[in-house]
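S.K.: Please read through the structure below; I'll follow up with questions.
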Amino acid sequence: MNDKVVMPLWTFCLFIVVMNTTMFNVSLPTIIQDLQISADLGSWIISSYSIGYALSTVIYSRLSDLVPIRRLLTIGLTTLGVASVCGLFAHSFSILLITRILQSAGAGVMAGLGLVLASRYVPVERRGAAIAMISAGSAMAFGLGPIIGGLISQYFGWNGLFGITCLVLIVLPVLLHLLPKEQPQPAAFDVTGAALTVLNAGSLLLAVTSQSYLWLAASVVSLLIHARHLAKAENSFINPQLLRMPGYLKLTAVGFCILVLNLGNLFLMPLALAGLFHESALSIGLFIAPGAILSAILTRYVGHWIDRYGNLRFLIIGHGVLAAVLAVFAMNLSVSPFILLAGYLCFSPSFSATMASLNNEASGILPRSWIGSGMGLLQLIQFFGGSVSVAALGLLLHAKRNLEPAAAYKHVYILLFVVSLCSLSLVLWYRYSRLRELKRNNSGSVSEA
């Protein structure tokens, strides 16, 4: 596989898929007005895509252990593309919601298989750069999505947003030509385990977003049933051996925290710019875009640095920068909107480098036969962290509504700062454990000699 061609094309498609979330955030008020629906109902246009995207990601990743990547890519991008074409003509809430759910069912193929593809077919000496490119594509999509979404909605209407995701139908034949041909592996797929995974994540997300004890109870029951299933099933959807890898579990916890920080910050920044400084939607996008663009520019260098100096060094440095930016936001947010501009110029590249380092480290400690299930579960937990972050921070802001806006945002950013310190502590714990393991293995080798 020519990874120097395939990985940029893959990153382009992932950029479109991730941007499909943030584009609709900007247009949501217009959609609510045009379709004459409530704000609560309108929020499902965003949350349905996020939930479906997270769940389909882990399913595609797990299926990659059994089904050729080319076949999965065909199914995923065709579903996304056809749903997007239908979205161009969606003029009712029910059709729009169905279209968004179908989009998410196909969109997960890009995130779910990107890391699997890099882990299998990109040489180790270039793998860090490839994974960094994927991470930067996601970061840039988060930053540019509001600008592109605002421009398209203003001049072509919100249906025009679906035209962007139709582009994947053009790229699909090129990727199919370039991707290596694989032979399907004879193995059973755990349909029950996949259904329980969807139920676990979906019910827990619904419990958080809707503050429903009923959904929380359903989530607890589904988790107990799933635990019993894992104890009995062979070749289960979630590999139970992953849950017994201390290093892997630490990395998944770090991934959860990193997405809490990133999506939490991207949720708060537009609100702060609008609430404290009365910036328009387009201006908000312009404040966010420079950080995303800088992250993309630094991708090539960050990837090479990771390959040269190692993952853990950049995990620690990246966490330090993220914590410093969040501390500045907590203390000085109301001074000037340019505090947010300058802070995100540091935050976005650090997030991309941290995510690239984390994913590269995880792919390195997983056995080759576990990469699909391991990277899929890692990404599911990451996306779940981002979804929970937005819901929890929104609830916290609502609880602080009687405070001055500057004070309310200060409290929320302090919470994110604490999360960043917890994540950094997990990284240091993981590093200490790895050093002990390496020392123990070296001692054993010397004793045998």
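The values are calculated or read from the model by the stated rules, or taken from the named source; none is laboratory data. Predicted, not measured: the structure shown is a model, and the values here were computed from it. Cβ coordinates were reconstructed from backbone atoms using ideal geometry, including for glycine residues, and neighbour counts include every protein chain displayed. SASA here: full protein model, heavy atoms, side chains in, ligands and nucleic acids out. Shrake-Rupley method; radii C 1.70, N 1.55, O 1.52, S 1.80 Å.
S.K.: Using a probe radius of 1.4 Å on heavy atoms only, what accessible surface per residue do you get for the chain? Whole Å² is fine. Each step should come with its number before you reach the end.
M.R.: Values: 19470 Å² over 449 residues.
In whole numbers, the chain has 43 Å² accessible per residue.
S.K.: Taking all pairs of distinct Cα atoms, average 1/r, flip it, and tell me the Kirkwood hydrodynamic radius of region 276-348 in Å to one decimal place.
M.R.: 13.6
S.K.: A further question follows. Can you spot the lysines whose alpha carbon is less than 30 Å from Lys439's alpha carbon? Ignore those fewer than 8 places along the same chain.
M.R.: Leaving aside lysines fewer than 8 places away in the same chain, those within reach of Lys439 are Lys250.
S.K.: For a label point 7 Å from the Cα of Asn235 along Cα→C-beta, name the residues of region 192-218 whose backbone N is under 17 Å from it.
M.R.: 192-195
S.K.: Using the Karplus curve 6.51 cos²θ - 1.76 cosθ + 1.60 with θ = phi - 60°, work out ³J(HN,Hα) for each residue of region 257-267 in order, rounded to whole Hz, and write x for Gly and Pro.
M.R.: Karplus-based 3J(HN,Hα) across region 257-267 equals 5, 5, 6, 4, 5, 5, 5, x, 5, 5, 6 Hz.
S.K.: When the dipole is taken about the Cα centre of region 146-305, and only Lys, Arg (+1) and Asp, Glu (-1) are charged at their Cβ, what size is it in debye, to the nearest 20?
M.R.: Numbers: 6 positive and 4 negative charges, 65 e Å.
For region 146-305, the charge dipole is close to 320 debye.
S.K.: A further question on this structure: For region 320-393 and region 104-121, what is the separation of their C-alpha centers, rounded to whole Å?
M.R.: 19
S.K.: While we're on this one: Starting from the Cα of His91, step 7 Å toward the Cβ, then list every residue of region 136-156 with an amide N under 17 Å from that point.
M.R.: Within reach of a label on His91, which here means backbone N under 17 Å from a point 7 Å along Cα→Cβ, region 136-156 contributes 156.
S.K.: Using a probe of 1.4 angstrom, how much of the accessible area of region 74-179 is carbon and sulfur, in percent?
M.R.: Carbon with sulfur: 77 percent of the solvent-accessible area.
S.K.: Please sort 325-333, 390-398 by packing, taking for each peptide the average over its residues of neighbouring beta carbons within 10 angstrom, highest first.
M.R.: Descending packing order for the listed peptides: 325-333, 390-398.
S.K.: Give me the net charge of Asp190's neighbourhood, meaning all other residues with Cβ under 12 Å from the Cβ of Asp190; Lys, Arg count +1, Asp, Glu -1.
M.R.: Values: positive: Arg62, Lys232; negative: Asp65, Glu234.
Net of charged neighbours comes to 0.
S.K.: Evaluate the relative contact order of the chain (contact order divided by residue number), counting alpha-carbon pairs under 8 angstrom at least 6 apart; express in whole percent.
M.R.: Details: 663 pairs, mean separation 106.5, N = 449.
With pairs under 8 Å counted, the relative contact order is 24 percent.
S.K.: Next question, about the same structure. What does the highest-first list of 3-11, 363-371 look like by mean Cβ count within 10 Å?
M.R.: 3-11, 363-371
S.K.: Residue farthest toward the positive end of the dipole of region 216-365, with Cβ of Lys/Arg at +1 and Asp/Glu at -1: which of Leu263, Ala217, Ser336?
M.R.: The one lying farthest along the dipole's positive direction is Ala217.
S.K.: Once Lys and Arg get +1 and Asp and Glu get -1 on their Cβ, which of Val321, Ser369, Thr354 lies farthest toward the positive end of the dipole of the chain?
M.R.: Most positive-ward Cα: Ser369.
S.K.: Considering the zone a paramagnetic label at Gln33 would reach in this model (a point 7 Å from Cα along the Cα-to-Cβ line), which residues of region 131-175 have amide N under 20 Å from it?
M.R.: Those under the cut-off are 146-162.
S.K.: Given +1 on the Cβ of Lys and Arg, -1 on the Cβ of Asp and Glu, and no further charges, what dipole in debye does the chain carry about its Cα centre, rounded to the nearest 20? Intermediate results must be reported in sequence, preceding the final value.
M.R.: Details: 25 positive and 14 negative charges, 192 e Å.
That gives the chain a dipole magnitude of about 920 debye.
S.K.: Set Lys and Arg Cβ to +1 and Asp and Glu Cβ to -1, take the dipole of the chain about its Cα centre, and tell me which of Tyr248, Ile131, Ser61 lies farthest positive.
M.R.: Ranked along the dipole, the leading option is Tyr248.
S.K.: Right, another one. Quick one: check the C-alpha center-to-center distance for region 186-230 versus region 406-430, whole angstrom.
M.R.: Between the Cα centre of region 186-230 and that of region 406-430, the gap is 28 Å.
S.K.: Would you mind getting me the FRET efficiency between Ile297 and Arg244? Use the beta-carbon distance for r and R0 = 51 Å, nearest 0.05. Don't skip to the end; give the middle numbers.
M.R.: On the way: r = 41 Å, r/R0 = 0.80.
Efficiency, from the Cβ-Cβ distance: 0.80.
S.K.: I would also like to ask the following. Residue by residue through region 378-385, what is 3J(HN,Hα) from phi via Karplus (6.51 cos²θ - 1.76 cosθ + 1.60, θ = phi - 60°)? Round to whole Hz and write x for glycine and proline.
M.R.: 4, 5, 4, 5, 4, 5, 4, x
S.K.: Another question about this same structure. Checking the cross-link filter: which lysines have an alpha carbon closer than 25 Å to that of Lys181, excluding same-chain neighbours under 8 positions apart?
M.R.: Once the sequence-local lysines are set aside, what remains near Lys181 is Lys4.
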